[in-house]
Amino acid sequence: MKLSTIELLWFIVGFAGQAFFSLRFFVQWIASEKKKESIIPVSFWYFSIGGGLVLLAYSIYRKDPVFIAGQSLGVLIYARNLYFIHRKKD
């Protein structure tokens, strides 16, 4: 499979977004192990938004309406969770 420079760049962006998005589970696992209970740290939501936005950009480039809809909704939910977290701290 021969990719153009742009296609290769977006291929890398897509995998980077997926890796960033997947790190949220690693962060949640480590935090839960430390507390010996299931918890979701704030960094989980930041990794969710970061990975979701990169994957949304990738899906827009790929013109994939299913992927676009899924990532758009996810990013809104992650942002709403962060809003609740930060509002509660005030």
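The values are calculated or read from the model by the stated rules, or taken from the named source; none is laboratory data. Just so you know, these numbers come straight off a predicted model, no measurement behind them. Cβ coordinates were reconstructed from backbone atoms using ideal geometry, including for glycine residues, and neighbour counts include every protein chain displayed.
Overview of results
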{"quantity": "Set L3, L23: member being among the aliphatic types (A, V, I, L, M) and either part of a helix (DSSP H, G or I) or within 11 Å of the chain's Cα centre (by Cα) (or both)", "calculated": "L23"}
{"quantity": "Residues of the stretch 1-39 that turn out to be among the basic types (K, R) and within 16 Å of G51 (Cα to Cα), as a count", "calculated": "1"}
{"quantity": "Count of residues meeting criterion [part of a helix (DSSP H, G or I), more than 14 Å from the chain's Cα centre (by Cα) and over 28 Å from I6 (Cβ atoms)] in the stretch 34-66", "calculated": "2"}
{"quantity": "Cross-chain or 6+ apart pairs with Cβ under 8 Å, the stretch 6-27 first and under 25 Å from S38 (Cα atoms) and of a type in the set (S, T, N, Q), then at pLDDT 90 or above and assigned to a helix (DSSP H, G or I)", "calculated": "Q18/G51; Q18/L55; S22/G51"}
{"quantity": "Set A69, A31: member being in contact with a Phe, Trp or Tyr (Cβ under 9 Å, 6 or more places away or on another chain) and either surrounded by fewer than 18 Cβ atoms within 10 Å (Cβ to Cβ) or part of a helix (DSSP H, G or I) (or both)", "calculated": "A31"}
